[in-house]
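Q: Please see the structure below; I have some questions.
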Amino acid sequence: MSFHYTLKPSAPSPAQFHLDYAGALNEEQFAAATADPGPLLVIAGAGSGKTRTLTYRVAFLLESGVPAERILLLTFTNKAAKEMLRRVTELIPHDLSRLWGGTFHHVGHRLLRRHAAEAGLADGFTILDREDARDVIAASIPDAGIDPKDKRFPKPDVLGELFGLAANTDKTLPEIVSAQFPYFEEVIEGIDRVRIAYTARKQANNAVDYDDLLRLPLRLFREHPEICDRYQEKFQHLLVDEYQDTNRIQSDFIDLLAERHHQVMVVGDDAQSIYSWRGANFANIMRFPDRHPGTEIIRIETNYRSVPGILHLANSSIAHNANQFAKELRAVREGGAKPAVIPLGDARQQAMFVAQRALELREEGIDLSDMAVLYRSHFHCMELQMELTRRNIPFQITSGLRFFEQAHIKDMAAYLKYAINDRDELAFKRIAMLLPGVGARTAARIWQARAGGTPWERIKVPDKAAGPWKQWGATHQQLTELIGRQGPAVQLKLVLDAVYEDHLKRTYSNARNRLEDVRQIIDFASGFEDSAEFLAELSLMTNLDGESTAPAAPAQDDEALRLSTIHQAKGLEWKVVFVIMLCDGLFPSARSAETTEGEEEERRLFYVAVTRAQDELYLIYPKLRMIGGQGDIWQKPSRFLNEISVDLCNVWRVETEAAWDA
């Protein structure tokens, strides 16, 4: 017997619902949140309250009688999903514990845990994070008959990117290599052999990588129609956030789940689709109405973020893209200055101007943390970093190793991974190489003995490692006894006390800081009852897109100017934004500008940069730029600047450096 939960076609009346949707939302948001069932494409412009709209949509479904377990909410970060659901529970009294919400990868992981056998996995499979996957790929190169020292052959990191792009775009390796890595065409057969060996090693280790969390659930649905039927029936309402960033597999996954009822609402902004280089498919959002006949398109164009002048410029710029859903952002706010276009002599003067202007704005009452400098590529801010350091202006730059990728955190996780899954070769070797005198070759020999069934006490290790090896064996035995009886926090505390604190003190000069990190991860683990669930969360966090931020200059307080690529700034906003190095060939990049599709994506990137600004926007380019071996080369202003009408901006003429050198 099947049950389909649909909404009443008439608009809600105040008597029917706990919430006053018309009073809480603007007209556009209200139309999206209370739309009739069926395929719905919501084009939500920058700063238009997209999250608020999705939150009220979930509340509306629940108040319309849709059980929570019949809703699937897919986002690009778990933080976004948790925040939306937290807001829903604040709006209406409802138990959301049965609602499925999270990233595509988290939902894929949940499905694979439920249907491991059908997906070709054994229970307790391990998730490889990026570093783990790289190590397995490196080990697979000689398996494929490739000399690891062959300079023509791509390194493990590059191979991982190739495999990931092929998986996420549903393309073959030759297609990926031909389009993006033509210099590897002569070794494509070897690359494919490595892929086969890599897949075999994952299977032998009962492990999956991050891409498998998308690929395998889709394959599961396609190869097991009865399982697909069950979830098509279960999820009667699908909601997808940031739909413009989905790749081919994610889009196919959604289309398959919605195949019967087409009750799917996707929210996104085609004008902010900027991630094709990592597999995002712009066609997903543009062709959604073709794949779901009868799609209703709702545009949310009211912007609560920026002053009118910034939006006028943004609208004018994106209008030059032919392939788009036409829209026009409208400002709620009033007043404000026009954006400034500022040509300067060279990159050094550009840096001096930004530094000086940031200090002036700070004196006017704007914190440095409310300002950002955005650029197309990291190297564009090299001179600026030097200038800020010279002036002792604190700044943060989007770079550095993420917390969950640090060696000591991964070491601690390895102890638990091996205790849960004794086929996890990577975890075993990682721990073994922490022992004194044990390198990669010895670790491999020890693993072969252990995997072959040799008792722990009969395995030969270097003399200097004998004591620590015995201690690890005892600790491993205790861990396996704790699995299922105690949570991961207790297990990690055992590892720290028994073996790892001494290792930290022997190995690192900053052992105290690393020890504090480990204690923080133990605190984090206390929120989990199941160790496998904790490890899965850890691996998924390690795989999150984007980079963490770390101070690039010493700061005595939290106030610091933010330096960021535009890709990493998407979704953020600041009172003041400087966009620098707006030279043709740099932004847009020369390679992207070779095709219409590439130029239009670069223009969308410019649009994203402009719409990060709330109050003030500075668009800057140097007339000269030093190029290695060629001296100073004249630069043309970006074509995106040339497209801006003179009445939409103020052009600043800065003739001397005197004001900056004061």
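Q: Hey, what do the phi angles of the range 227-243 turn into as Karplus ³J(HN,Hα) couplings, whole Hz, using 6.51/-1.76/1.60 and θ = phi - 60°, x for Gly and Pro?
A: Each residue of the range 227-243 in turn: 6, 4, 4, 4, 7, 4, 6, 5, 8, 7, 9, 10, 10, 10, 9, 6, 5 Hz.
Q: Can you pull out the trypsin sites (Lys or Arg not before Pro) in the range 158-203 that DSSP calls coil and that have at most 16 other Cβ atoms within 10 Å?
A: Sites meeting the loop and neighbour criteria: K171.
Q: Rounded to the nearest 500, what is the 222 nm mean residue ellipticity of the chain from helices alone, with -39500 (n - 2.57) per DSSP H run of 4+ residues and division by all residues?
A: The per-residue figure over the chain is -13500 deg cm²/dmol.
Q: OK, next. Express in whole angstrom the spacing between the alpha-carbon centres of the range 516-539 and the range 307-375.
A: Centre-to-centre distance over Cα atoms comes out at 41 Å.
Q: Want the number for E363 to D530: 0.36 nm per residue separation, take away the alpha-carbon distance, what's left?
A: 54.9 nm
Q: Would you please name the trypsin sites (Lys or Arg not before Pro) within the range 255-331 that are DSSP coil residues with at most 14 other C-beta atoms within 10 Å of their C-beta?
A: R260, R287
Q: Nearest 20 debye, what's the magnitude of the dipole of the range 161-286 about its Cα centre given +1 on Lys and Arg Cβ and -1 on Asp and Glu Cβ?
A: On the way: 13 positive and 22 negative charges, 81 e Å.
Result for the range 161-286 is approximately 400 debye, rounded to the nearest 20.
Q: Could you tell me which GluC sites (Glu not before Pro) in the range 300-367 are loop residues by DSSP with no more than 10 other beta carbons within 10 angstrom of their beta carbon?
A: E334, E364
Q: Compute the normalised compactness of the range 216-266: alpha-carbon radius of gyration over 2.2 N^0.38 Å, N being the residue count.
A: Its radius of gyration relative to the 2.2 N^0.38 Å reference: 1.09.
Q: In the chain, what percentage of the DSSP-assigned beta bridges are antiparallel, given to the nearest 5?
A: Of all bridge pairs located within the chain, approximately 15 percent are antiparallel.
Q: Another question, then. Using 7 Å Cα-to-Cβ label points, what is the D123/L572 separation (nm, one decimal)?
A: So the two model labels end up 4.4 nm from each other.
Q: Next question. Rg and Dmax of the range 167-232, Cα atoms, in Å?
A: 14.9, 45
Q: How much length is gained on full extension from R445 to M286, taking 0.36 nm per residue of separation minus their Cα-Cα distance?
A: 51.9 nm is the gain from fully extending R445 to M286.
Q: Any idea what Rg and Dmax come out to for the chain if you just take the C-alpha atoms, in Å?
A: Cα only, the chain: 27.1, 82 Å (Rg, Dmax).
Q: With the other protein chains left in place, how much accessible area per residue, in square angstrom, belongs to the chain at a 1.4 angstrom probe?
A: 45 Å²
Q: Enumerate the amide H contacts of F395 below 5 Å, restricted to partners 5 or more residues apart or on another chain; note that Pro and chain-start residues carry no placed amide H.
A: Result for F395 returns A552, A553, L561.
Q: Per 0.36 nm of contour for each residue apart, how much would the distance between D20 and R114 grow if the chain were fully extended, relative to their Cα-Cα spacing? Display every interim value, and only then the final one.
A: Numbers: separation 94, 0.36 × 94 = 33.84 nm, distance 3.90 nm.
So the chain would gain 29.9 nm between D20 and R114.
Q: Place a +1 charge on the Cβ of each Lys and Arg in the range 467-531 and a -1 charge on the Cβ of each Asp and Glu, then give the dipole magnitude about the Cα centre in debye, rounded to the nearest 20.
A: Value, rounded to 20: 300 debye.
Q: Set Lys and Arg Cβ to +1 and Asp and Glu Cβ to -1, take the dipole of the chain about its Cα centre, and tell me which of Q396, G47, V58 lies farthest positive.
A: Farthest along the dipole direction, towards plus: Q396.
Q: Lys/Arg Cβ at +1, Asp/Glu Cβ at -1, dipole of the chain taken about the Cα centre: which of Q471, L561, G585 is farthest positive-ward?
A: The residue sitting farthest along the positive end of the dipole is Q471.
Q: Need one number: nm distance between label points at E597 and N392, each 7 Å from Cα along Cα→Cβ, rounded to one decimal.
A: 5.2 nm
Q: Here's a follow-up. For C583, enumerate residues with amide H under 5 Å from its amide H, sequence gap 5+ or separate chain, H modeled in the peptide plane.
A: Close amide H contacts, sequence-distant or interchain: S638.
Q: In Å, what Rg and Dmax follow from the Cα atoms of the range 324-471?
A: Rg, Dmax (Cα atoms, Å): 27.8, 79.
Q: With θ set to phi - 60°, apply the Karplus curve 6.51 cos²θ - 1.76 cosθ + 1.60 along the range 470-478 and write out the HN-Hα couplings as whole Hz, x wherever there is a Gly or Pro.
A: Once θ is set to phi - 60°, the couplings for the range 470-478 become 5, 5, 4, x, 5, 5, 4, 4, 5 Hz.
Q: Given +1 on the Cβ of Lys and Arg, -1 on the Cβ of Asp and Glu, and no further charges, what dipole in debye does the chain carry about its Cα centre, rounded to the nearest 20?
A: Taking the Cα centre of the chain as origin, the dipole is about 1420 debye.
Q: Identify, among G487, N281, A355, the residue whose Cα sits farthest towards the positive end of the charge dipole of the chain, taking +1 on the Cβ of Lys and Arg and -1 on the Cβ of Asp and Glu, with the dipole about the Cα centre.
A: Working it through, the farthest residue towards the positive pole turns out to be G487.
Q: Something else now. Of the cross-linked pairs K171/K570; K464/K493; K470/K493; K50/K79; K470/K505, which ones have a Cα-Cα span greater than 23 Å in the structure shown?
A: Distance filter (> 23 Å) returns K171/K570; K464/K493.
Q: Related question: Using alpha carbons only, how many angstrom separate the centre of the range 92-148 from the centre of the range 457-484?
A: Answer, in whole Å: 28.
Q: Expressed as a rounded percentage, what relative contact order does the chain have, with Cα pairs under 8 Å and six or more residues apart?
A: Relative contact order here is 18 percent.
The values are calculated or read from the model by the stated rules, or taken from the named source; none is laboratory data. These numbers come from a predicted model, not from an experiment. Here Cβ is always computed from backbone atoms with ideal geometry, including for glycine, and neighbour counts include all displayed protein chains. The accessibility values were calculated without ligands, DNA or RNA, using every heavy atom of the protein model including side chains. Shrake-Rupley method; radii C 1.70, N 1.55, O 1.52, S 1.80 Å.
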